[in-house]
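The values are calculated or read from the model by the stated rules, or taken from the named source; none is laboratory data. Model, not experiment: these values are computed from the prediction. Please note: Cβ atoms are built from the backbone with ideal geometry, for glycine as well, and neighbour counts cover all protein chains shown.
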Protein chains: 2
Amino acid sequence: MIDTAEIRPRMLMGPGPSDVHPRVLAALARPTIGHLDGQFLEVLNDIRDMLQSVFQTTNALTLAVSGTGSAGMETCVVNLIEPGDKMLVCMAGVFGTRMKDVAERAGADVTAIDAAWGKVFTADDIRAAFDQHGPFKVVGIVHAETSTGAAQPIPPISDVVHDAGALLLVDTVTSLGGMDVDVDGWRIDACYSGTQKCLSCPPGLAPVTFSAAGERALANRASKVQSWYLDMNMVRKYWGSERLYHHTAPINMNYALHEALRLVLDEGLAARWQRHRDQHLALKAGLEGLGLSYLADPDHQLPMLNAVSTPDGVDEAAVRKRLLDEFGIEIGGGLGEFKGKAWRIGLMGESATPRHVQAVTSALKTILS
Amino acid sequence: MIDTAEIRPRMLMGPGPSDVHPRVLAALARPTIGHLDGQFLEVLNDIRDMLQSVFQTTNALTLAVSGTGSAGMETCVVNLIEPGDKMLVCMAGVFGTRMKDVAERAGADVTAIDAAWGKVFTADDIRAAFDQHGPFKVVGIVHAETSTGAAQPIPPISDVVHDAGALLLVDTVTSLGGMDVDVDGWRIDACYSGTQKCLSCPPGLAPVTFSAAGERALANRASKVQSWYLDMNMVRKYWGSERLYHHTAPINMNYALHEALRLVLDEGLAARWQRHRDQHLALKAGLEGLGLSYLADPDHQLPMLNAVSTPDGVDEAAVRKRLLDEFGIEIGGGLGEFKGKAWRIGLMGESATPRHVQAVTSALKTILS
């Protein structure tokens with residue numbers, strides 16, 4: 001049996017989780033108290049306020065779902081969708097594909113459009129989908145596709161979606177806290193994220209936010225949300241002033257998120273995004289110096305997720321194993337179409353530092369030379 | 001803004017969470033590592049093995065769902081139920097009622113039977129339900145009803161359910177780790193629990209186990225499980241030898257559960273159950289000495305959840321507030337039918353000690369006198 005006291009730390013440079021600040025780990029270990037204790041309700045209020053700042057929104061319905069980022073995806077989908085509702089899902093990687101699966105399980109009548117992995121959608125792509133298959137109640141898209149490293153420009157898509165009277169659902173699991181995510185400015189109606197990427201909190205909670213239009217869709221449902229656990233009409237009554245018991249909140253995970261959000265806001269959003277860009281450029285120079293090439297469209301490269309091709313003749317899994325075993329550095333392998341052919345190097349939150357960039361490039365240089 | 005470093009500890013004697021051992025809090029704060037890191041996979045293997053011991057089962061499909069106990073309930077229901085499947089739900093409190101809601105949202109054709117709050121079901125009750133409304137695919141029942149303090153005898157019910165060829169689903173959120181829960185001996189087909197009751201781990205994970213017959217029901221589904229996040233056919237491929245990525249496991253919460261389970265098994269199940277019984281008897285003597293009377297059928301009183309009537313003329317919420325503010329002791333109020341009329345005093349895991357019994361009885365004596 002392993003003793004968790006003997007777990008060796010790593011430099012977490014994969015697609016998440018990212019390194020966690022010692023203050024966040026310390027917060028995790030604060031004494032557990034009750035989910036209706038006034039002290040804990042203050043923690044929840046602070047989290048809501050800080051999530052509003054990080055999402056750049058005034059949305060009242062902003063909270064942390066008691067599950068990981070994928071539970072956040074499911075929360076947004078099952079609360080907006082009723083059986084038979086038409087939904088457009090934009091797929092350009094694993095997470096768009098996952099959203100289609102989640103939506104179908106919720107009973108949505110799904111139209112899915114594809115972009116090549118590493119590419120993004122244009123406003124015209126969305127307009128064409130509406131012309132051919134619309135109208136849709138909801139359009140779902142991934143802002144930062146973790147499987148490819150491509151950043152989807154949201155504003156032009158949002159214009160098309162709202163001109164057509166639909167709701168816009170955006171996955172910001174990998175982007176939130178590491179680049180601009182402007183929920184109000186971009187008119188996003190439902191948005192979810194995870195804690196273990198650029199917020200640098202351990203995995204276990206999913207920040208979500210719903211616009212006024214998203215809330216109206218919730219209020220106007222004819223049927224109950226298919227998931228009791230993720231039903232925002234009930235969960236909101238616990239996070240709101242009613243404090244109505246729904247499920248027992250993950251107390252210590254919320255302490256951790258509270259501390260992680262304080263760190264994000266203490267640094268400042270703009271400074272944090274700049275740090276991610278700076279470290280990305282340094283990493284990119286280093287990787288290209290090793291002859292490695294990026295997989296995503298260069299005009300739409302994410303700063304925090306760097307997917308590069310494994311050179312011909314190199315065993316990608318063996319390199320990752322050596323990085324972990326000999327250097328204590330975790331990076332990710334390819335998923336789906338890129339399985340066995342790519343590395344995914346994360347620069348997320350606490351892992352977006354010169355020390356990390358230096359460590360991974362020099363270790364890769366040693367292994368590949 | 002609250003500083004989580006300044007959170008005042010409490011004595012947690014409500015319906016959960018319970019007090020957490022310092023070793024478990026320390027485990028929570030270990031360095032976050034990746035969900036495919038070999039060290040973490042050892043943690044998961046250990047958790048599966050230890051959960052098998054605590055559930056008293058050899059079930060291969062035994063793991064911790066990445067959500068709280070209510071997510072465990074939803075996991076068991078949505079994996080066993082396909083739309084239109086007939087399910088019998090036994091309701092004698094809040095959590096049986098919740099199971100009916102969850103089952104209906106999963107598309108089950110639900111027959112619900114009631115027992116008075118604080119009472120339990122007999123084998124004859126279940127037999128009568130089969131005679132009048134059966135057959136059923138699944139029968140769901142709560143072992144330890146947290147809202148009333150009543151313990152449901154499972155074996156005679158299990159005989160009826162299995163004689164009729166149905167699957168038995170049992171909620172052991174409050175009982176697991178504090179009294180006998182014999183999944184194999186009682187022939188339970190799907191069982192879920194929570195971490196924050198008698199396992200004395202912070203809330204955030206839901207141990208679940210499925211029997212071979214439960215697994216066959218999963219394998220034979222004609223439709224996908226409605227919840228992607230809770231789909232055991234996928235989650236099991238991550239917990240199993242395939243290690244197929246599904247969602248990012250809550251790393252640090254699993255550290256905590258690992259340590260909490262070690263503490264449970266170091267103490268020994270029989271010794272732990274005896275400790276809960278002993279402290280219950282001591283508390284019962286103390287409460288009855290204060291003139292307080294229990295709400296549940298005395299033949300079926302749970303050791304870890306003591307629901308007593310608030311005396312006439314006493315403001316139950318005001319007493320709880322004084323206990324918390326002046327004595328640092330949290331107890332619970334009544335739910336549902338017992339709202340405003342009852343206190344629920346928990347003796348769960350680390351909170352089932354003579355120190356806790358002494359503290360709450362002497363504080364109540366001071367306040368009520």
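Some observations on this one:
- Of all residue pairs spaced 6 or more apart or on separate chains, those with beta-carbon atoms under 8 Å, a first member in the stretch A:1-12 that is modelled with pLDDT of 95 or more and a second member that is among the polar types (S, T, N, Q) are A:ILE2/B:GLN39; A:ILE7/B:GLN39; A:ARG8/B:GLN39; A:MET11/A:SER351; A:LEU12/A:SER18; A:LEU12/A:SER351; A:LEU12/B:THR32.
- Scanning the stretch B:241-253 for residues that are of a type in the set (A, V, I, L, M, F, W, C), out of contact with any strand residue (DSSP E or B) (no Cβ under 9 Å at 6 or more places or on another chain) and surrounded by 23 or more Cβ atoms within 10 Å (Cβ to Cβ) turns up just one, B:ILE251.
- Candidates are the residues of the stretch A:224-240 that are surrounded by fewer than 17 Cβ atoms within 10 Å (Cβ to Cβ) and outside any loop (DSSP other than H, G, I, E, B); the one that is nearest to the other protein chains (Cβ to nearest Cβ) is A:ASN233.
- Test: residue in the stretch B:254-268 that is crowded, with 19+ Cβ neighbours inside 10 Å and assigned to a strand (DSSP E or B): no
- Boolean, A:MET50 is part of a helix (DSSP H, G or I) and in contact (Cβ under 8 Å) with a residue 12 or more places away in the chain: yes
- The requirement of being within 18 Å of B:GLY346 (Cα to Cα), aliphatic (A, V, I, L, M) and touching a Gly at 6+ places or on another chain (Cβ under 9 Å) is not satisfied by B:ALA285.
- Top-ranked residue in the stretch B:77-87 [being in a helix (DSSP H, G or I) and under 17 Å from B:ALA112 (Cβ atoms); ranked as nearest to the other protein chains (Cβ to nearest Cβ)]: B:VAL77
- Among the residues of the stretch A:1-41, those identified as of a type in the set (Val, Ile, Thr) and part of a loop (DSSP other than H, G, I, E, B) are A:ILE2, A:ILE7, A:VAL20, A:THR32, A:ILE33.
- Cross-chain or 6+ apart pairs with Cβ under 8 Å, the stretch B:233-245 first and more than 21 Å from B:ARG221 (Cα to Cα), then part of a loop (DSSP other than H, G, I, E, B): B:ARG243/B:LEU36; B:TYR245/A:LEU335; B:TYR245/B:HIS35; B:TYR245/B:LEU36
- Selected residue (only one of B:GLY328, B:GLY333 is under 20 Å from A:HIS247 (Cβ atoms) and either of a type in the set (Asp, Glu) or in contact (Cβ under 8 Å) with a residue 12 or more places away in the chain (or both)): B:GLY333
- Filtered residues of the stretch A:121-161 (kept if among the small types (Gly, Ala, Ser), in a loop (DSSP other than H, G, I, E, B) and in contact with a His (Cβ under 8 Å, 6 or more places away or on another chain)): none
- Checked against the criterion of being touching a strand residue (DSSP E or B) at 6+ places or on another chain (Cβ under 6 Å), over 29 Å from B:ARG23 (Cα atoms) and more than 8 Å from chain B (Cβ to nearest Cβ), the stretch A:60-70 contains one or more residues that satisfy it.
- Taking the criterion of being basic (Lys, Arg) and closer than 14 Å to A:VAL77 by Cβ, the only residue of the stretch A:215-250 that qualifies is A:ARG221.
- Condition check for A:GLY291: out of contact with any Gly (no Cβ under 7 Å at 6 or more places or on another chain), at pLDDT 95 or above and either buried (at least 17 other Cβ atoms within 10 Å of the Cβ) or not charged (D, E, K, R) (or both): yes
- For the stretch A:241-283, the tally of residues that are more than 14 Å from chain B (Cβ to nearest Cβ) and under 18 Å from B:ILE2 (Cβ atoms) stands at 1.
- Residues of the stretch B:152-179 that are closer than 26 Å to A:PRO250 by Cα and either of a type outside the set (S, T, N, Q) or touching an Asp or Glu at 6+ places or on another chain (Cβ under 7 Å) (or both): B:LEU169, B:VAL170, B:ASP171, B:VAL173, B:LEU176, B:GLY177, B:GLY178, B:MET179.
- Condition check for B:SER362: of a type in the set (Ser, Thr, Tyr) and surrounded by fewer than 19 Cβ atoms within 10 Å (Cβ to Cβ): yes
- For the stretch A:310-367, the candidate set comprises residues that are under 16 Å from A:TYR294 (Cβ atoms) and assigned to a helix (DSSP H, G or I); within that set, the residue that is modelled with the lowest pLDDT is A:GLU337.
- Test: A:LEU44 is at pLDDT 95 or above, closer than 18 Å to A:ALA256 by Cβ and assigned to a strand (DSSP E or B): no
- The stretch B:23-43, subset of a type in the set (Gly, Ala, Ser) and within 7 Å of chain A (Cβ to nearest Cβ), residue surrounded by the most Cβ atoms within 10 Å (Cβ to Cβ): B:ALA27
Residue-by-condition table, conditions (1) buried (at least 24 other Cβ atoms within 10 Å of the Cβ); (2) in contact (Cβ under 8 Å) with a residue 24 or more places away in the chain; (3) within 14 Å of chain B (Cβ to nearest Cβ):
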position	(1), (2), (3)
A:THR97	no, yes, yes
A:ALA108	yes, yes, yes
A:GLY118	no, yes, no
A:ILE126	yes, yes, no
A:VAL139	yes, yes, no
A:ASP189	yes, yes, no
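- Top-ranked residue of the stretch A:1-16 - restricted to ones that are buried (at least 17 other Cβ atoms within 10 Å of the Cβ) and more than 7 Å from chain B (Cβ to nearest Cβ), ranked as nearest to the chain's Cα centre (by Cα): A:PRO15
- Members of the stretch A:147-203 found to be of a type in the set (Ser, Thr, Tyr) and within 19 Å of A:VAL264 (Cβ to Cβ), listed by number: A:THR172, A:THR174, A:SER175, A:TYR192, A:SER193, A:THR195, A:SER200
- Cβ-Cβ distances below 6 Å connect the following pairs, each with a first residue in the stretch B:351-363 that is under 17 Å from B:MET304 (Cβ atoms), a second residue that is assigned to a helix (DSSP H, G or I) and at pLDDT 95 or above, and a separation of six or more residues or different chains: B:ALA352/B:ARG275; B:ALA352/B:HIS276; B:ALA352/B:GLN279; B:VAL357/B:GLN279; B:VAL357/B:ALA282; B:VAL357/B:LEU283; B:THR361/B:GLY286.
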